[in-house]
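Data first, discussion second: the structure below is written as structure tokens.
The values are calculated or read from the model by the stated rules, or taken from the named source; none is laboratory data. In this text the structure is predicted, and so the values were computed from the model without any measurement. Every residue, glycine among them, receives a Cβ derived from its backbone with ideal geometry; neighbour counts consider all protein chains shown.
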Amino acid sequence: IIIECSVECSIELQGTLPPTYKLEQADCTALELLKLNGYLSFHGISAAARDWGLIKHMPPAAVLHPDSVHDIAELIRVVASSSSNLTVAAKGPGHSVNGQAQADKGIVIEMSTMRGIQVMPHGDEDCALPFVEANGGELWVDVLEETLKKGLAPNSWTDYLYLSVGGTLSNAGVSGQTFRHGPQISNILQLEVVTGKGEIVICSSSKQPELFHAVLGGLGQFGIITKARILLEPAPQNVRWTRAMYSDFEVFRKDQEMLISSSATTTSMLADQQEQLHMTFDFIEGFVVMNTEDPINGWKSVPFSPDQMTASMLPPDAGSVLYYLEITVGYNLEDVGPALEERVEKMLAPLNYIPSLMFTTDVSYFKFLNRVHDLELNLRAHELWDVPHPWLNLFVPASSITTFDSLVFKQLVPVEFGGPILVYPVNRNKWDSRAATVVPDEEVFYLVAFLRNALPSGPGLESMLDDNARILKICEELRGKQYLPRYTEEEQWKLHFGADRWNAFVQHKHMFDPQAILAPGQNIFPRRQ
Ligand code: FAD
């Protein structure tokens, strides 16, 4: 099979078809050197120029389907030594919003062929803690299924589980467990990484720590994660899942911050602190809903079944914006009984939600963690899943969240917003400051996520992107940071990181990917010779 090139040149590669994008001669020559067990595709690769956002489409020249870590290392070594302009992007399921896993005229590595999960319930000779070793292309849902077979599970999650291990670890991995356990990147024992020089490196906080911490939250800039050792803990069989509504932001905020405060302790725990932790919810998230009957954005989205709530149950003085808390307590079937009921009651007692607007259900731990999948199936059935998603994720300092509420939730968010809005606090001391993710400089900060779907009947993608720009500006003025950041100018990246962290980021780039081959879709560093 022949690769066509822009100049006279041809390469024979097994199992591939002529490319849709014409490669430069030097790049053809470079690819000719590859010795792969997997294969490169040049046709039918349009999926590599698509992602969840459906906003950016940058077709690559080729897609690598690696058979092992050696194929990935081989590709990067050859590109580093023989091409002056090819770039390489690892791609999980492509749940980025702004082309972060794309490589314009470069090579996308389809990580879905990099599968494999090994559960080590008793650790190994190097590590006495239970862990799971998952390949970089594994989906978290499969990690959960495998670990649950041993009664174990990772302790930190994302809301949606059909994301890849390598993809979320390149960002942070944040959800309702973050206040207690930190993001996913705080729960990693070891990584296998292919650097931008094509070296395969095993790293941890004691072995090659600089690479380890740079890669975690490093936006794919320093290496491709081919394996991760993820800490495990005993998994509950079930969860008591509660949603409780508020009409006053201050009351809602104070309750959330009170709930997360008991797990802020990091030092070795005294017995009464352990008891306090026993009385802490396992999962804490918050949401903003509009005071309308809209099934996506209104209060109708809160109860677990529609007949649990009517408009007349809202307090007469409720404003245009409402809030709800989502909390869970894990338990095993043997715990079911009065003691569990008493414990949950005690945990709910200090909260100040609207008493008639508290909804509860019991589901399996798997069903709870995989809850967004039910929504996915529903949206897919109505052909509403594959629409543009101009999502915006922010970290807002706790000291500014009330101002943010009045400037954004109460003023900028349109009544028919077209997607969920998340707002919940996390403890900064659960984040490892050596990891690359940028968070606000405050002990408590909020994850605020605007997860809009650009439906054909809505205000249109451009107008939603304009809303995002306005919201981001307010966030930055309040010393917040963008999560899953997207900037186009170096100055903006510098501001995002701050001077010291930017200098360290640049230094790590020189050390681990000096030719800026990796993750070009993040748009941070131009390719160097
Ligand atoms: P991709 O989009 O494929 O890649 C993301 C970036 O990582 C790219 O730069 C890519 O080049 C790089 N990359 C991919 N694989 C690797 C690898 N193996 N090694 C190194 N770099 C790699 N995030 C949260 O934190 N919490 C949530 O609750 C959450 N919920 C979500 C729900 C939905 C429905 C969606 C669509 C996304 C959600 N996200 C959430 C965002 C998600 O974490 C990011 O999209 C993330 O990028 C993971 O997606 P992915 O695995 O598809 O990675």
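Points to keep in mind about this one:
- Any pair with Cβ under 9 angstrom, 6 or more apart, that starts in segment 501-529 at a residue that is farther than 23 Å from residue 58 by Cα and of a type in the set (S, T, N, Q) and ends at one that is more than 14 Å from the ligand (Cβ to nearest atom) and part of a loop (DSSP other than H, G, I, E, B): none
- Segment 494-529: number of residues that are more than 16 Å from the ligand (Cβ to nearest atom) and either assigned by TED's automatic domain parsing to the domain that holds residue 433 or over 23 Å from residue 83 (Cβ atoms) (or both): 11
- Restricting 521, 480 to those that are over 13 Å from residue 219 (Cβ atoms), among the small types (Gly, Ala, Ser) and touching a strand residue (DSSP E or B) at 6+ places or on another chain (Cβ under 9 Å) reduces the list to 480.
- Among the candidates 293, 345, residue that is touching a helix residue (DSSP H, G or I) at 6+ places or on another chain (Cβ under 7 Å) and of a type in the set (Asp, Glu): 293
- Sole residue being assigned to a loop (DSSP other than H, G, I, E, B), of a type outside the set (Gly, Ala, Ser) and either more than 34 Å from the chain's Cα centre (by Cα) or at pLDDT below 95 (or both), chosen from 9, 28: 9
- Residue, nearest to the chain's Cα centre (by Cα), within segment 467-494, restricted to residues that are among the hydrophobic types (A, V, I, L, M, F, W, C) and over 18 Å from residue 526 (Cα atoms): 484
- Enumeration of residues in segment 361-391 that are aromatic (Phe, Trp, Tyr) and part of a helix (DSSP H, G or I): 365, 366, 368
- Take the conditions (1) in contact with a His (Cβ under 7 Å, 6 or more places away or on another chain); (2) under 22 Å from residue 400 (Cα atoms); residue 487 misses just one of them, which is (2).
- Residues (part of a loop (DSSP other than H, G, I, E, B) and touching a Ser or Thr at 6+ places or on another chain (Cβ under 8 Å)) located in segment 326-360: 354
- Some residue of segment 214-232 being farther than 24 Å from residue 483 by Cβ, among the hydrophobic types (A, V, I, L, M, F, W, C) and modelled with pLDDT of 95 or more: yes
- Test: residue in segment 341-352 that is more than 27 Å from the chain's Cα centre (by Cα), modelled with pLDDT of 95 or more and of a type in the set (Val, Ile, Thr): yes
- Among the conditions (1) outside the structural domain of residue 281 (by TED's automatic domain parsing); (2) in a helix (DSSP H, G or I); (3) of a type outside the set (S, T, N, Q); (4) buried (at least 24 other Cβ atoms within 10 Å of the Cβ), the only one that residue 211 does not satisfy is (4).
- Test: residue in segment 101-110 that is touching a Pro at 6+ places or on another chain (Cβ under 7 Å), among the charged types (D, E, K, R), assigned to a loop (DSSP other than H, G, I, E, B) and closer than 27 Å to residue 486 by Cβ: yes
- For the residues 395, 417, 445, the requirement of being more than 16 Å from the ligand (Cβ to nearest atom) and within 24 Å of residue 251 (Cα to Cα) singles out 417.
- Which numbered condition residue 183 fails, given (1) crowded, with 24+ Cβ neighbours inside 10 Å; (2) closer than 21 Å to residue 239 by Cα; (3) more than 13 Å from the ligand (Cβ to nearest atom): (3)
- Scanning segment 214-245 for residues that are within 9 Å of the ligand (Cβ to nearest atom) and assigned to a loop (DSSP other than H, G, I, E, B) turns up 218, 219, 220, 221, 222.
- Segment 415-467: number of residues that are in contact (Cβ under 8 Å) with a residue 40 or more places away in the chain, among the polar types (S, T, N, Q) and surrounded by fewer than 18 Cβ atoms within 10 Å (Cβ to Cβ): 1
- Evaluation of residue 123 against (1) of a type outside the set (D, E, K, R); (2) assigned to a loop (DSSP other than H, G, I, E, B); (3) in contact with an Asp or Glu (Cβ under 8 Å, 6 or more places away or on another chain) (one fails), failing number: (3)
- Residue check, residue 225 over 25 Å from residue 444 (Cα atoms), touching a residue at least 12 places away in the same chain (Cβ under 8 Å) and crowded, with 21+ Cβ neighbours inside 10 Å: yes
- For segment 132-175, filtering for residues that are near the ligand (Cβ under 6 Å from one of its atoms), over 13 Å from residue 95 (Cβ atoms) and surrounded by fewer than 22 Cβ atoms within 10 Å (Cβ to Cβ) leaves 0.
- Residues in segment 67-119 that are hydrophobic (A, V, I, L, M, F, W, C) and within 10 Å of the ligand (Cβ to nearest atom): 72, 88, 89, 90, 97, 101, 103, 108, 109, 111, 114.
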